[in-house]
Amino acid sequence: MAIPLYLAMTAAEFSACGGLPEKIAWMACHFSPYGTSVSNLPRTLPEGSLLILNDRTPVHGHDPQRIADELRQAVKALGCSGLLLDFQRPGCEETAKIAHALLALPCPVCVSECYAKELDCPVFLPPVLPHVPIEEHLAPWAGREIWLEAALEGEELTLTESGCQISAPGVPIESPEHRDAELFCHYRIAVEESCARFSLYRSRDDLAALLDAAGKLGVTRAVGLWQELHRQERY
């Protein structure tokens, strides 16, 4: 099944964009550095947009109930179709309490994998790396609703006598020579005296095919960066 792809936009991108994408994610609300609630709430959004709350500003004495009340009012007033809790600072008890309080909002609430284990809600997973089968990426969360981060990922695999090292490529891969339909990526191979290098790259067409496969495996939404994906006319 086709899944909706929400393009995450900053306030500056939202204001400057001449033609908004069909589906928007507001990037992002933050924990206020000067109070106990949240900051950077949008004044307006297209109906059905996603609202994102991240923990770029660490939680420190913030009030879970006040945050829940404020975001409840926001999602109702803005007509949001969901709230994404993009929390990337693991192991914070205060953050976990806020995530739990926000599950009472009148819209779907999804939380990143580092806080999703103990919560009954959709889980937000990072992008599928090109060398990892999508089934393997999703397997630890079988039975859960999954939202997936969408990105044009690249990797370099260096194979030597001592094993395989994986790193991000330093520059974009030009003219990939081969395509792997099962991993939804293109790649090039360079054989050197002491190693073989496999440069993997996910094109826009590869990403579209990956998201099609993800929908068939139970992923219900995808979220990517507008600055990276807005030229993808398919969406």
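The values are calculated or read from the model by the stated rules, or taken from the named source; none is laboratory data. Nothing here was measured: the structure is a model prediction, and the numbers come from that model. A quick note on method: Cβ atoms are made from the backbone with ideal geometry, for glycine too, and the neighbour counts reach across all protein chains shown. Only protein heavy atoms, including side chains, enter the accessible area calculation; ligands, DNA and RNA are left aside. Shrake-Rupley method; radii C 1.70, N 1.55, O 1.52, S 1.80 Å.
Tell me, please, whether a residue that is in contact with a Gly (Cβ under 7 Å, 6 or more places away or on another chain) and either on the phi > 0 side of the Ramachandran plot or not hydroxyl-bearing (S, T, Y) (or both) can be found in region 112-128. Scanning region 112-128, I find no residue that is in contact with a Gly (Cβ under 7 Å, 6 or more places away or on another chain) and either on the phi > 0 side of the Ramachandran plot or not hydroxyl-bearing (S, T, Y) (or both), so the answer is no. Scanning region 202-229 for residues that are over 19 Å from F124 (Cα atoms), open to solvent by 70 Å² or more (accessible area, probe 1.4 Å) and in contact (Cβ under 8 Å) with a residue 60 or more places away in the chain gives a single hit, Q227. Could you say whether any residue in region 135-151 is touching a residue at least 12 places away in the same chain (Cβ under 8 Å), assigned to a helix (DSSP H, G or I) and touching a Lys or Arg at 6+ places or on another chain (Cβ under 6 Å)? Taking every residue of region 135-151 in turn, none turns out to be touching a residue at least 12 places away in the same chain (Cβ under 8 Å), assigned to a helix (DSSP H, G or I) and touching a Lys or Arg at 6+ places or on another chain (Cβ under 6 Å). Taken over region 96-112, the criterion of being out of contact with any His (no Cβ under 9 Å at 6 or more places or on another chain) and closer than 18 Å to V59 by Cα is satisfied by A96, K97, A99, H100, A101, L102, L103, V111, S112. Whether any residue in region 105-127 is open to solvent by less than 60 Å² (accessible area, probe 1.4 Å), assigned to a strand (DSSP E or B), over 25 Å from T220 (Cβ atoms) and not aliphatic (A, V, I, L, M) is what I want to check. Within region 105-127 (the criterion being open to solvent by less than 60 Å² (accessible area, probe 1.4 Å), assigned to a strand (DSSP E or B), over 25 Å from T220 (Cβ atoms) and not aliphatic (A, V, I, L, M)), the answer is no, since none of the residues qualifies.
Pairing residues of region 1-27 that are in contact (Cβ under 8 Å) with a residue 12 or more places away in the chain and surrounded by fewer than 17 Cβ atoms within 10 Å (Cβ to Cβ) with residues that are aliphatic (A, V, I, L, M) and in a strand (DSSP E or B), at Cβ distances under 6 Å and at least 6 apart in sequence or on separate chains, gives T10/M27. Among the residues of region 184-194, the one identified as surrounded by fewer than 16 Cβ atoms within 10 Å (Cβ to Cβ), under 16 Å from P169 (Cβ atoms) and touching a residue at least 12 places away in the same chain (Cβ under 8 Å) is I189.
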